[in-house]
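One structure is given here, and the rest of the page talks about it.
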Amino acid sequence: MNDVLILAIETSCDETSMAIVKNGHEVLSLTVLTQMDTHANFGGVVPEIASRMHTENITMVLDETLRKANMKVSDVSAIAVTYAPGLLGSLLVGVECAKTLALVYHKPLIAVNHTMGHIYANNIESEITFPTLALIVSGGHTDLLILKSETEMELLGSTIDDSIGEVYDKVARVLGMPYPGGPQIEKSSLLGEDAYELPHPMQDDTYNFSFSGLKSYIINLVHNERQRKNEIRINDLAKSFQIVAVDELVRKVEKAMKNTGIKNMILAGGVSANKYLRSEMEKLSQKYGVHFHVPNILYCTDNAAMIGCAAYPLYKAQKFSSFDLNAKSSENIKTYIEKEK
Ligand code: KG4
Ligand code: ZN
């Protein structure tokens, strides 16, 4: 087969991103224009502003991505786009752009689920070995899966309430840190001691996660201490929070390693940029003789390169979309797996 060049578009949240990816693993060019500074003024992503900014920026991002690869749209094999899940208005900008390019340049259109994109970031400069356990930790999701092959997967567990990224962001917010809170908590925790005793999430027999109890406990603790005019040791609290939150992930992954005997493990999603989580997962994998892989930090948070990687198996299987492709805000991995069966 000739080289497959995929022009990929990702606009599901607050990053306008495009990439050109060769054969599902080689990133020829990547542009990520983040709106983070704008949304930081509001303490979180404002959907209406996000979609307006995507509309403003997407053509420039396309131009820049093509220029960096020294290519024209006519050179690529297909156009891929994130169609779900995410903010509807934001997704629609990317979907419409992809459809227009595919129509004008007579290219096949490939619809990619955002979570599958995070998983396939593990193919960049590497290759996923099947079967593998996969833990997806992002602002929208916390899922533990078995990937049996490129086309077959099984969901072991998900969060039953908040996602881990959401909790990082909420805890950061109550501690007075700017959005997005994950990287701020990570920095702050490096300066602290594990001095706060925090409740551990549910100790049950499932592979599901729960973070809302921990989140509420911290929010109440901070409010109560403030009311009493007591000092809050921010760095210590950030550290104690991170230890308990990551431990919840480690515990469920350890159970999966023990019960399934699977010898590969991949980590994905924005929170996988966290060095403490990366090192705890690495340690756990070593303990069970499991081969562990996590994307370069650059490819952990939202980017279009991962969408180009996830589109490659779909390209090989000729799974192309028609021009009535629409954006979907709420297609989680469970719905996706059922749809693909
Ligand atoms: O995957 P992503 O970019 O967007 C979604 O698909 O949701 O994930 C964003 C999430 C945010 O909650 C952000 O705070 C978190 O990833 N995050 C981190 C770190 N970098 C990003 N959380 C903890 N430590 C980090 N270094
Ligand atoms: Zn994401």
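The values are calculated or read from the model by the stated rules, or taken from the named source; none is laboratory data. Just so you know, these numbers come straight off a predicted model, no measurement behind them. Every residue, glycine among them, receives a Cβ derived from its backbone with ideal geometry; neighbour counts consider all protein chains shown. Surface accessibility is based on the protein's heavy atoms, side chains included, excluding ligands, DNA and RNA. Shrake-Rupley method; radii C 1.70, N 1.55, O 1.52, S 1.80 Å.
Looking only at segment 141-158, residues that are surrounded by fewer than 22 Cβ atoms within 10 Å (Cβ to Cβ) and farther than 20 Å from LYS258 by Cα come to 4 in all.
Scanning segment 139-164 for residues that are within 14 Å of LEU267 (Cα to Cα), within 13 Å of ligand 1 (Cβ to nearest atom) and modelled with pLDDT of 95 or more yields THR142, ASP143, ILE164. Residues of segment 104-117 include at least one that is away from ligand 2 (no atom under 16 Å from the Cβ), farther than 25 Å from THR260 by Cα and of a type in the set (Ser, Thr, Tyr).
When you check TYR120 against the structure, is it within 16 Å of ligand 2 (Cβ to nearest atom) and either in contact with a strand residue (DSSP E or B) (Cβ under 9 Å, 6 or more places away or on another chain) or on the phi > 0 side of the Ramachandran plot (or both), yes or no? First the steps, then the outcome.
Values: within 16 Å of ligand 2 (Cβ to nearest atom): yes; either in contact with a strand residue (DSSP E or B) (Cβ under 9 Å, 6 or more places away or on another chain) or on the phi > 0 side of the Ramachandran plot (or both): yes.
It is true that TYR120 is within 16 Å of ligand 2 (Cβ to nearest atom) and either in contact with a strand residue (DSSP E or B) (Cβ under 9 Å, 6 or more places away or on another chain) or on the phi > 0 side of the Ramachandran plot (or both).
Quickly run through segment 148-173 and pick out the residues that are touching a residue at least 12 places away in the same chain (Cβ under 8 Å), away from ligand 2 (no atom under 16 Å from the Cβ) and either more than 13 Å from GLY44 (Cβ to Cβ) or part of a loop (DSSP other than H, G, I, E, B) (or both).
In the first step, residues of segment 148-173 are kept if they are touching a residue at least 12 places away in the same chain (Cβ under 8 Å); the result is 148-151, 153-173.
Filter once more, so that each one left must be away from ligand 2 (no atom under 16 Å from the Cβ): 148-151, 153-157, 160-161, 170-173.
Those that are touching a residue at least 12 places away in the same chain (Cβ under 8 Å), away from ligand 2 (no atom under 16 Å from the Cβ) and either more than 13 Å from GLY44 (Cβ to Cβ) or part of a loop (DSSP other than H, G, I, E, B) (or both): LYS148, SER149, GLU150, THR151, MET153, GLU154, LEU155, LEU156, GLY157, ILE160, ASP161, VAL171.
Within the set THR129, THR38, the sole residue that is open to solvent by 20 Å² or more (accessible area, probe 1.4 Å) and assigned to a helix (DSSP H, G or I) turns out to be THR38.
Just checking, does segment 20-30 include any residue being under 17 Å from GLY270 (Cβ atoms), assigned by TED's automatic domain parsing to the domain that holds ILE79 and not in a strand (DSSP E or B)? Among the residues of segment 20-30, not one is under 17 Å from GLY270 (Cβ atoms), assigned by TED's automatic domain parsing to the domain that holds ILE79 and not in a strand (DSSP E or B), which makes the answer no.
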